[in-house]
Every structure is written in structure tokens, then in C-alpha cells.
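Shown next, in C-alpha cells, is the structure this report addresses.
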Amino acid sequence: MHAACAVGLVFAGCCSNVIFLELLARRHPGCGNIVTFAQFLFIAMEGFIFEANLGRKKPAIPIRYYAIMVMMFFTVSVVNNYALNLNIAMPLHMIFRSGSLIANMILGIIILKKRYSMSKYTSIALVSMGIFICTFMSAKQVASQSSLSENEGFQAFAWWLLGIAALTFALLMSARMGIFQETLYKQFGKHSKEALFYNHALPLPGFIFLASDIYNHALLFNKSELYQVPVVGVAMPIMWFYLLMNIFTQYVCIRGVFILTTECTSLTVTLVVTLRKFVSLIFSILYFQNPFTLWHWLGTMFVFVGTLMYTEVWNSLGVSRRQSQKVDKKD
């Protein structure tokens, strides 16, 4: 499959996934667990059939290493989704998660003893400033929205602080998982599709502890109004339709990223994912009319300019331009 097709899958899948996630979260803010469970179950079933060959294929990486990775992956997924129930708006949720570069750099310096160029530190400073601006402005919005009483305003702000703490924890845990996965790939070779399957299959028993919440939200989904599904012509509760579309678009998104890693360089993959986050943010703001001030736009600009600087896109473009000029001179 060509790289252009993979890019299309990433943009179509990931951007539309954000829309269906917010449609779910707006109606039932605490539905993160059932959404996460449904995504894990679908990807695990698909991987069991096509990757694990119904359990007959032996994994290239020992299961014990996947078990460690799975504990990290499961925790990150649940905490990120649950943060939506802690006064965290979707735009802030997306911008905050864009700070993965910061977390990776910090843990890379601490754990892997890495050193970076000045341009890398500058890009991280921009991303940090952008996240700080958006976080601070969202904090002011939370305080202003809770105007019923001083006690309720403090309670809403306390929940918001807990949400920020949850996002920070998930960010650092995700970076640690990436470093752990990088060391595994160096030792056993790259097996991205296998890792995708085991990261979603092994955590499934852990959802037993969340069974009550998942069941309660399933009942709430059953009570939502009926929706006539286009083309198919079947009527179903609209919340289940949103969930099915969220699962499908999440799968398309993940598959698109996987295909892209096999077709393009890591620089191109990082650039595509970064631009996808920006497009998703614009979708969320315009489609759902989320409150977004000029300060939010300034913070967003810092985040994505810093991310592009980190990937050294400008240097790559300069090299490509010089190479094309050399070819023109030869001709």
C-alpha cells in the first residue's frame, strides 16, 4: 500500500475518531471505560484471527515482556479516557497529550542518558510554553463556569487539578512505555503488529474490575434514542452507533499509522501524526464550538511549531531543496 493511502487512513481515521469520542463524552462524560474496553476487544479479536493465527503462532517477543508493556499501556489508556470526566475539555486533552515530546526527552535524559542539540531544547521549551498557556487559560474557564457558589467553584477546580495530574501521569507513563518498547525492538527486532495485538489482548481480564461501570453505561446506551443507520437501514440506539463508529475509526487510525511506519521514515510518520493532531483540534473547535480564546490559539501555535522543530522538518526540506537544485544544475 502506498504512503499516500496510509496518510489518508491516518487523517480519516484519527480525525473522525475524535469527533465520535466527543459525541460520546458530551452525552455521558464517564463513558471512558466502556469506550476503552470496546476498542481493546475489537483490536484483540482482529489480531487473534489475523496475527496470532487463532493462537497457533508463537510470539517473537516473550510474553513476560509484553505483560510489563501491557500494564503500562492499559494504565495510560484508562487514565487518558477517564480524564475527560474530570473537568478536562477535549481541546485541552488533545493539546496536553501533544506534550509527549517533553516526556520522552525528560525520560530519555534520565534513563537512557541521552543528550540533545540546542534546537531540540528550544522546541521543547516552545511546546512546554504552549501547554502552560492552554492549561492556565482553561483553568480560568473552569473557575468562571463554576459560579453557583464558592464551595462548588473550589470543588470543580479541585477536580480539574486532578484531571491535569492524571494527564501528566499518563504522559510520563506513555513515554516510559515507548522507551521500554524501543529497547525490546533493539533486542528482538521490530514486531509492531504483534505488539499491537498483545497490548490489546492481555489487558482484557483487567476490565473485570471495571465491569460494573461498563455494564451501567451499556444500560445508559440502550436508553438513548434510536438512530436509523444510513445504507444499512437498521435502527439502533444512537450511543451504540457512536461507539461502533469510534471503534472502527480507531482501528483505521492505528492501522494507518502501522502501514505508514512500513512505507515512510520515522520523520515522515512523526510529521503526519503531528499534523493530524492539529487537524483534529480544528475539527473539535469548529464542529463542537468549544471555547477557544486567542491565548489558546497562541498556545496551540507554540505546541505545533515546537513539535515541527523537534522533528527537524525545516532541515529536511532544506536538504531536499539543495538536492533538487544540484539535480537542476546537472541537467
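Suppose R0 equals 22 Å. What FRET efficiency, 1/(1 + (r/R0)^6) with r the Cβ-Cβ distance, do Leu226 and Ala12 give to the nearest 0.05?
0.20
For Thr307, tell me the accessible area in Å² from a 1.4 Å probe, rounded to the nearest 10.
10
What length, rounded to one decimal in nm, is gained on full extension from Lys58 through to Glu46, with 0.36 nm per residue of separation minus their alpha-carbon distance?
Between Lys58 and Glu46, full extension yields 2.7 nm more.
Scan around Tyr227 for amide H atoms under 5 Å from its own, H built in the peptide plane at 1.01 Å from N, and keep only partners 5 or more places away or cross-chain.
Placed amide hydrogens put Met236, Ile238 under 5 Å from Tyr227.
Ala125 to Phe157: FRET efficiency via 1/(1 + (r/R0)^6), r the Cβ-Cβ distance, R0 45 Å, to the nearest 0.05?
After rounding to 0.05, the efficiency reads 0.95.
Given the protein chains as shown and a 1.4 Å probe, how many square angstrom of His93 are accessible, to the nearest 10?
Rounded to the nearest 10, the figure is 10 Å².
So, by mean Cβ neighbours within 10 angstrom, what's the order for 107-113, 5-11, 41-47 with the highest one leading?
5-11, 41-47, 107-113
Pop out the ³J(HN,Hα) list for region 20-26 in order, Karplus 6.51 cos²θ - 1.76 cosθ + 1.60 with θ = phi - 60°, rounded to Hz; leave Gly and Pro as x.
Residue by residue, region 20-26 yields 5, 5, 6, 4, 5, 5, 5 Hz.
Over 17 Å, how big is the tail of the calculated P(r) for region 32-136, in percent of all Cα pairs?
Counting every Cα pair in region 32-136, those more than 17 Å apart make up 69 percent.
With r defined as the distance between the Cβ atoms of Met71 and Gln289 and R0 fixed at 35 Å, what FRET efficiency is calculated, to the nearest 0.05?
The computed FRET efficiency comes out at 0.35.
Across region 123-129, in residue order, what do the Karplus-derived ³J(HN,Hα) couplings come to in whole Hz, using 6.51 cos²θ - 1.76 cosθ + 1.60 with θ = phi - 60° and x for Gly and Pro?
5, 5, 4, 5, 4, 4, 5
The values are calculated or read from the model by the stated rules, or taken from the named source; none is laboratory data. In this text the structure is predicted, and so the values were computed from the model without any measurement. So basically every Cβ, Gly included, is an ideal-geometry build from the backbone, and we count neighbours across all protein chains shown. Ligands, DNA and RNA are stripped out before the accessible areas are found, and what is left, the full protein with its side chains, is counted by its heavy atoms. Shrake-Rupley method; radii C 1.70, N 1.55, O 1.52, S 1.80 Å.
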